[in-house]
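Asker: Let me begin by handing over the structure; questions about it come next.
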Amino acid sequence: MLHQPKVLLISNGEAESNLLEQVLRKHAALHSVRDLAELEHLLDGVAFEVVFCGWTFDGGTWIDALGKVQQCNPDLPVVIFSRSGGEREWVEVLEAGAFDLFNAPYGLPDIRAVLEQAIDSYEARRSRKAALPIRIMAS
C-alpha cells in the first residue's frame, strides 16, 4: 500500500472498536461515524476505498449500513467486524454482499491484510468497470 487509503469506520465506540480505530488510523485516512445519518452524509461527500462496520452501532446494525453503502457505491468493500462470530455469521455477511467478517481480537497484521485485500478488490472492480465501455465500443 503506497498511499493512505480513505477508510470509513462505523462503530458504537466500544473498547473493541476503539482498538480497531487506533490501528486503522496508523494506516489510513480514517473517518468515523456512529449512526446512519452520519454515514449517509459522508458517503455523499467523500470517496472512500473501504468501509469497516461494527455488528451494531447507534440506531442500526451492519445490515442497515451495508444497504446504505450499496445504494451509494455498490463496489465499495464493506468489512463487518464483531466481538465474536462463527461460520453462520460469516456466511450471512458474505451472502448479504459484504467483503468479509472480521472477528476480535484485532491484531495489526490481520487488520492490514484485510485492509489491503479490500483495497485491491475495490481497485480491480473500478478498473474492470472503466475498461468495460472500451470493450463495448471495440465490438
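Asker: Scan (1) crowded, with 16+ Cβ neighbours inside 10 Å; (2) on the phi > 0 side of the Ramachandran plot; (3) of a type outside the set (Asp, Glu) for the single condition Gly59 breaks and write down its number.
Answerer: (1)
Asker: For the list (1) closer than 20 Å to Ile119 by Cβ; (2) in contact (Cβ under 8 Å) with a residue 40 or more places away in the chain, I need the number of the one condition that Thr56 fails.
Answerer: Result: Thr56 passes all but (1).
Asker: Identify all residues within segment 37-53 that are more than 22 Å from Glu89 (Cα to Cα), of a type outside the set (Val, Ile, Thr) and in contact (Cβ under 8 Å) with a residue 24 or more places away in the chain; write none if there are none. Break it down into steps so the answer makes sense when it comes.
Answerer: Taking segment 37-53 first, the residues more than 22 Å from Glu89 (Cα to Cα) are 37-49.
When the remaining residues are screened for being of a type outside the set (Val, Ile, Thr), the result is 37-45, 47-49.
Of everything in segment 37-53, those that are more than 22 Å from Glu89 (Cα to Cα), of a type outside the set (Val, Ile, Thr) and in contact (Cβ under 8 Å) with a residue 24 or more places away in the chain turn out to be Leu39, Glu40, Leu42, Leu43, Asp44, Ala47, Phe48, Glu49.
Asker: So how many residues does segment 81-104 have that are of a type in the set (Ser, Thr, Tyr), within 16 Å of the chain's Cα centre (by Cα) and farther than 19 Å from Leu8 by Cα? It would help to see each step written out before you state the result.
Answerer: If we filter segment 81-104 for residues that are of a type in the set (Ser, Thr, Tyr), which is where we start, we get 82, 84.
Still in the running and within 16 Å of the chain's Cα centre (by Cα): 82.
Filter again for farther than 19 Å from Leu8 by Cα, leaving none.
Qualifying residue count for the region: 0.
Asker: Name every residue in segment 30-54 that is surrounded by fewer than 16 Cβ atoms within 10 Å (Cβ to Cβ), over 13 Å from the mean Cα position of the chain (by Cα) and not charged (D, E, K, R), in order of residue number.
Answerer: Ala37, His41, Gly45, Val46
Asker: Determine which single condition Arg126 fails, assuming it passes every other condition in (1) over 19 Å from Glu21 (Cβ atoms); (2) under 14 Å from the mean Cα position of the chain (by Cα).
Answerer: (2)
Asker: Another question about this same structure. What are the residue pairs meeting all of these: first residue in segment 82-94, first residue modelled with pLDDT of 90 or more, second residue surrounded by 13 or more Cβ atoms within 10 Å (Cβ to Cβ), Cβ atoms under 7 Å, and 6 or more apart or on different chains?
Answerer: Once the first residue is modelled with pLDDT of 90 or more and sits in segment 82-94, its partners that are surrounded by 13 or more Cβ atoms within 10 Å (Cβ to Cβ) give Glu89/Ser82; Glu89/Leu101; Trp90/Leu101; Val93/Ile80; Val93/Leu101.
Asker: In this structure, is Asp100 closer than 20 Å to Ala28 by Cα, in contact with a strand residue (DSSP E or B) (Cβ under 8 Å, 6 or more places away or on another chain) and either modelled with pLDDT under 90 or charged (D, E, K, R) (or both)? Please lay out each step first, then the result.
Answerer: Numbers: closer than 20 Å to Ala28 by Cα: yes; in contact with a strand residue (DSSP E or B) (Cβ under 8 Å, 6 or more places away or on another chain): yes; either modelled with pLDDT under 90 or charged (D, E, K, R) (or both): yes.
Taking the combined requirement at face value, the residue satisfies it.
Asker: Could you say which residue among Asp75, Asp100 is without any contact (Cβ under 8 Å) to a residue 24 or more places away in the chain and within 19 Å of Arg125 (Cα to Cα)? Working first, answer last.
Answerer: Details: Asp75 fails: without any contact (Cβ under 8 Å) to a residue 24 or more places away in the chain.
After applying the criteria, what remains is Asp100.
The values are calculated or read from the model by the stated rules, or taken from the named source; none is laboratory data. Owing to the predicted nature of the structure, the values given are computational and were not obtained by experimental measurement. Counting neighbours? That spans all protein chains shown, and the Cβs are built from the backbone with ideal geometry, glycine included.
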